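Here is the structure we will look at, set down as structure tokens.
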Amino acid sequence: MTWIDRRRAGVLLHVSSLTGPFQHGVLGEEAYRFVDTLVEGGFSVWQILPLGPTHDYGSPYESLSTFAGNPDFIDLRQLVAQEWLTEERCQGVMNDACPHETARCEAASAFWSQIENDAALKGAMQQFRAEQAEWLADYALFASLKKAYSDKPWWQWPPEFKTREPRALKSARQKHKAHILQTEFEQFIFAQQWQSLKTHTESLGVMILGDLPIYVAHDSADVWSHQNFFTIDDAGLCYEVAGVPPDYFSDTGQRWGNPLYHWENLKKEGFHWWVKRVRTQLARMHMMRIDHFRGLEAYWVIPGERKDGCVGEWRPAPGAELLETLQTNLGHLPLVAEDLGLITPEVHALREHFGLPGMKILQFAFGGGADNPYLPHQHDANSVVYTGTHDNDTTLGWFQSLPDDCRQHVAEYLGRLLDDMPWPLIRAALASTARLAVVPMQDLLSLDTMARFNTPGTIENNWQWRMTQAGIPPEICVKTRKLNELYGR
């Protein structure tokens, strides 16, 4: 039986897409207002993407750390209220006259100046450091060395830092102490602001559905500090990388470039790194999607020198052992399995053995036969149904691009005129037997392809869409509340 407690509906919107006065969304009043409007619209789940700090191209699936929070999400206005930042500097960031990081640097300096005379603040920071000790020090040093070496990837650093020579690291901690303290401050404030927002969601009965990429970025504190867990050579380069073989999404497959896991090394240590990884994320959210779940049963291994996914081999992964270990250490596992693409019976069996809901995407349902597993009449309760995901076009954009015969199939199946798309598909998602239905915010706003969030396999022009209002517009709230009540959500 599914762990999802009842029929629920949710909205998919990443934090970066929230409206507000900064370059992207932050954990401020707009986030609280968004949660308020979720409730007004009859929704009780907020789905987000990974929360980690990103590289320059902004993908939340290529994070500098699987444990850290993105400091760009810190609401500077709250730092002004705490008198760690001037109103003038905050306004400068809002007006694009000053980088967000510069303001955080100034706030960090004020914070550390105050902390010695503030016992409560000092105690809170000490507790935070102790609770996050297994990753925080390494991440802070990693971030500081990246800054010192002009953002070069860690395998291009001087040899003593690339190989983590203990005396060199000790010296670097002293040399870069100021930036290390800034990084620790940022993580402390992110944790405080996130926890406050999470508490607000809980007070309204809203659950947060997060996201955990199965793999981590090559240029990350995770790989740098645990090199024996990943498929990298002595030079720090990947000799094998992650991806998928050719399928109906791509004739050449996909080469993601992430290092793969040395599962045997992880297993020898009782999957401890994975346990602390999942524990850290579940402390921030109420349930979590595991991206590329099929990689826990078997994973596609691509030689490091290949530029596509055409050449490779499948290797078995110890997914059952991992999930059992997580269950033993963490108890109840509120996980959603991203089981999209060409999924084998073994992957379905692994998901079903642990009672994890899979995903049903309505944009994948049409243009074929009645046996398409994404069609609503094929859904089961232990599923999460979406009109589309962050990787899809918006539903309106998708529909506008369909050939005539496929549009006709959509119209015949739904038994409705489709001049108000995407609402017929939203209605179908909410009516589904799937216990949880999730609608991207762009679909609720009836936006076209211009609002697409990500196009897989590309780097440019992704992760940039933002809302233009603080929450779901009132007229849409009225509409969705009626639909959610109608379909028992």
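The values are calculated or read from the model by the stated rules, or taken from the named source; none is laboratory data. Remember, predicted model here, so these are calculated numbers, not experimental data. Cβ sites come from the backbone with ideal geometry, for glycine too, and all protein chains shown count toward neighbours.
Just to verify a result, which residue in the stretch 448-462, among those that are crowded, with 19+ Cβ neighbours inside 10 Å and of a type in the set (A, V, I, L, M, F, W, C), is farthest from the chain's Cα centre (by Cα)? The extreme case among them is A451.
Inspect all residues belonging to the stretch 159-166 and state whether any of them is surrounded by fewer than 22 Cβ atoms within 10 Å (Cβ to Cβ) and in contact (Cβ under 8 Å) with a residue 60 or more places away in the chain. There is at least one residue in the stretch 159-166 that is surrounded by fewer than 22 Cβ atoms within 10 Å (Cβ to Cβ) and in contact (Cβ under 8 Å) with a residue 60 or more places away in the chain. A count restricted to the stretch 366-397 and to residues that are part of a loop (DSSP other than H, G, I, E, B), in contact (Cβ under 8 Å) with a residue 24 or more places away in the chain and either over 26 Å from P456 (Cα atoms) or aliphatic (A, V, I, L, M) (or both) stands at 4. Looking at the stretch 243-309, the strands (runs of 3 or more DSSP E) lying wholly inside it that each contain 2 or more residues that are over 28 Å from L209 (Cα atoms), over 16 Å from the mean Cα position of the chain (by Cα) and of a type outside the set (D, E, K, R) sit at 298-303.
Being touching a Pro at 6+ places or on another chain (Cβ under 6 Å), within 17 Å of L282 (Cα to Cα) and acidic (D, E) is a property that does not hold for D219. The criterion of at least 3 residues that are surrounded by 22 or more Cβ atoms within 10 Å (Cβ to Cβ) and in contact (Cβ under 8 Å) with a residue 12 or more places away in the chain is met, among helices (runs of 4 or more DSSP H) falling completely within the stretch 10-111, by 29-40.
Filtered by the rule that a residue be surrounded by 20 or more Cβ atoms within 10 Å (Cβ to Cβ) and either of a type in the set (A, V, I, L, M, F, W, C) or touching a helix residue (DSSP H, G or I) at 6+ places or on another chain (Cβ under 8 Å) (or both), the stretch 246-262 gives W256, P259, L260, Y261. In this structure, does W155 turn out to be touching a strand residue (DSSP E or B) at 6+ places or on another chain (Cβ under 9 Å), closer than 30 Å to P259 by Cα, in a helix (DSSP H, G or I) and in contact (Cβ under 8 Å) with a residue 24 or more places away in the chain? Yes. Summed over the stretch 382-418, the residues that are modelled with pLDDT of 95 or more and of a type in the set (G, A, S) give a count of 4. Flag not set for L486, criterion: surrounded by fewer than 17 Cβ atoms within 10 Å (Cβ to Cβ), aliphatic (A, V, I, L, M), at pLDDT below 95 and more than 27 Å from A31 (Cβ to Cβ).
Only one of (1) surrounded by 14 or more Cβ atoms within 10 Å (Cβ to Cβ); (2) farther than 30 Å from T458 by Cα is not met by H353, so which one is it? Going through (1) surrounded by 14 or more Cβ atoms within 10 Å (Cβ to Cβ); (2) farther than 30 Å from T458 by Cα one by one, H353 breaks only (1). For first residues located in the stretch 332-349 and closer than 17 Å to W3 by Cα, partners that are surrounded by fewer than 20 Cβ atoms within 10 Å (Cβ to Cβ) and of a type in the set (D, E) and lie 6+ apart or on another chain with Cβ distances below 7 Å form the pairs E338/D291. Would a scan of the stretch 204-227 turn up a residue that is acidic (D, E), in contact with a strand residue (DSSP E or B) (Cβ under 8 Å, 6 or more places away or on another chain) and not in a helix (DSSP H, G or I)? Yes: one or more hits.
Can you confirm whether L362 is touching a Leu at 6+ places or on another chain (Cβ under 6 Å), touching a residue at least 40 places away in the same chain (Cβ under 8 Å), of a type in the set (A, V, I, L, M, F, W, C) and at negative phi?
Judged against the criteria, L362 is a match.
Just give me the residues in the stretch 12-43 being within 24 Å of D391 (Cβ to Cβ) and of a type in the set (S, T, N, Q), in sequence order. Correct list: S16, S17, T19, Q23. Any chance the stretch 332-348 includes a residue that's modelled with pLDDT of 95 or more, among the aliphatic types (A, V, I, L, M), surrounded by fewer than 17 Cβ atoms within 10 Å (Cβ to Cβ) and under 22 Å from the mean Cα position of the chain (by Cα)? No: zero hits.
Checked against the criterion of being crowded, with 17+ Cβ neighbours inside 10 Å, on the phi > 0 side of the Ramachandran plot and within 17 Å of the chain's Cα centre (by Cα), the stretch 463-483 contains one or more residues that satisfy it.
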